[in-house]
Amino acid sequence: MNPNLQDTSKNPPDSDAQPYAGLTPDAVTDALCSLGLSADGRLLALNSYENRVYQAGIEDQTPVVVKFYRPRRWSNEAIAEEHEFTEQLAQAQIPVVAPTVINNQTLHSFEGFRFSVFRRQGGRAPELDNPDVLQWLGRLMGRIHAVGQLQQFQHRPTLNMQTFGLDPRDYLLRNGFIPPDIRPAWESVVQMALDEVARCYERAGKLDLIRLHGDCHAGNVLWTDAGPHFVDFDDARNGPAIQDLWMLLSGDRYEMTSQLSEILDGYGQFCDFPSRQLHLLEALRTLRLLHYSGWLAQRWQDPAFPVAFPWFNTQRYWQDRVLELKEQVALMQEPPLSP
């Protein structure tokens, strides 16, 4: 089983097919009240599919954000490691949104659901075409990684070919998601892609694995007049530093080279970047594409997913994935970016 889906805690009934069936608005309000927070019933569902996240009104106080963890995904120990990491970053005065300590703990339970409470912290998307913004993000990411490299996670998985490539491939094949007429082409291009990923890893050499944000795309960086702050460390895991940088890049090769140069200028002020990891940039993008298809498949029994992703598992979807992976094979054969 994919380690992302393991969990030793108590789960609500029918949690595989209906993971949030019992998480009614009343249950959300009662969960907050169980912590002594006077929830006033005002709930706003925030954009999250893996977990359930709400902005909740509190009487005579600023609203809070409450996150209910998906049953059967993380163990309590893995969630505790996420919370410990974000608290270490906060103590280092790095702008992250860490869970609030209530009754001397950050992870709580109510009627079988595990949840955490966060301060509300809004913001807008960063302007990734602005060199000053990229350098600022690079400095903060260097500071995050300087803390992340002090130790490794013990209860969270490592981002590698097995967890992000082979496991999702095997899950999709084992559960019959690939249409029979597309399966030969899909299997062939996936094997080609994984072979190229392996070559990229060989060129990168021995990797120093550190604690990562893990999902550092622009949507998880919120900007205010005071600057950026990082949110949603739910996918934190061990992996190479480049994983937290490449998702901030976009455009053609020239544009990404320029963007990466700005990010690394800032990053290098606080942490040394292992340049050999640039060989992994397109390899990690390829693994993310495979993992994304596997993630959608693993969650397909959750009623929210067919509604939110109606295009998944259609004939056109898998045809597009074949073409996408062919493009990635070609990109992985090119020299790495050289900022």
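The values are calculated or read from the model by the stated rules, or taken from the named source; none is laboratory data. Note that the structure is predicted; figures quoted are calculated from it, not measured. Cβ: placed from backbone, ideal geometry, glycine included. Neighbour counts: every protein chain shown.
Just a few scattered comments:
- In region 323-339, of all residues being buried (at least 16 other Cβ atoms within 10 Å of the Cβ) and hydrophobic (A, V, I, L, M, F, W, C), the one that is nearest to E282 (Cα to Cα) corresponds to M332.
- Number of residues in region 308-333 that are in contact (Cβ under 8 Å) with a residue 24 or more places away in the chain and in a loop (DSSP other than H, G, I, E, B): the value is 2.
- When V189, V197 are checked against the criterion of being in a helix (DSSP H, G or I), crowded, with 20+ Cβ neighbours inside 10 Å and out of contact with any Asp or Glu (no Cβ under 6 Å at 6 or more places or on another chain), V197 stands alone in meeting it.
- The conditions of being surrounded by fewer than 17 Cβ atoms within 10 Å (Cβ to Cβ), farther than 23 Å from N51 by Cβ and at pLDDT below 95 are met by G227.
- Here the condition is being at pLDDT 95 or above, hydrophobic (A, V, I, L, M, F, W, C), surrounded by fewer than 21 Cβ atoms within 10 Å (Cβ to Cβ) and under 29 Å from L46 (Cα atoms); of F273, F233, F309, it holds for F309 alone.
- Criterion applied to F85, F115 was being within 25 Å of A308 (Cα to Cα), touching a residue at least 12 places away in the same chain (Cβ under 8 Å) and out of contact with any Ser or Thr (no Cβ under 6 Å at 6 or more places or on another chain), and the one residue passing it is F115.
- Test for Q315: is it under 28 Å from A80 (Cα atoms) and surrounded by fewer than 18 Cβ atoms within 10 Å (Cβ to Cβ): no
- Any pair with Cβ under 6 angstrom, 6 or more apart, that starts in region 38-57 at a residue that is aromatic (F, W, Y) and ends at one that is in a strand (DSSP E or B): Y54/L43; Y54/A45; Y54/V66
- The lone criterion from (1) of a type outside the set (S, T, N, Q); (2) surrounded by 18 or more Cβ atoms within 10 Å (Cβ to Cβ); (3) touching a Ser or Thr at 6+ places or on another chain (Cβ under 6 Å) left unmet by L249 is number (3).
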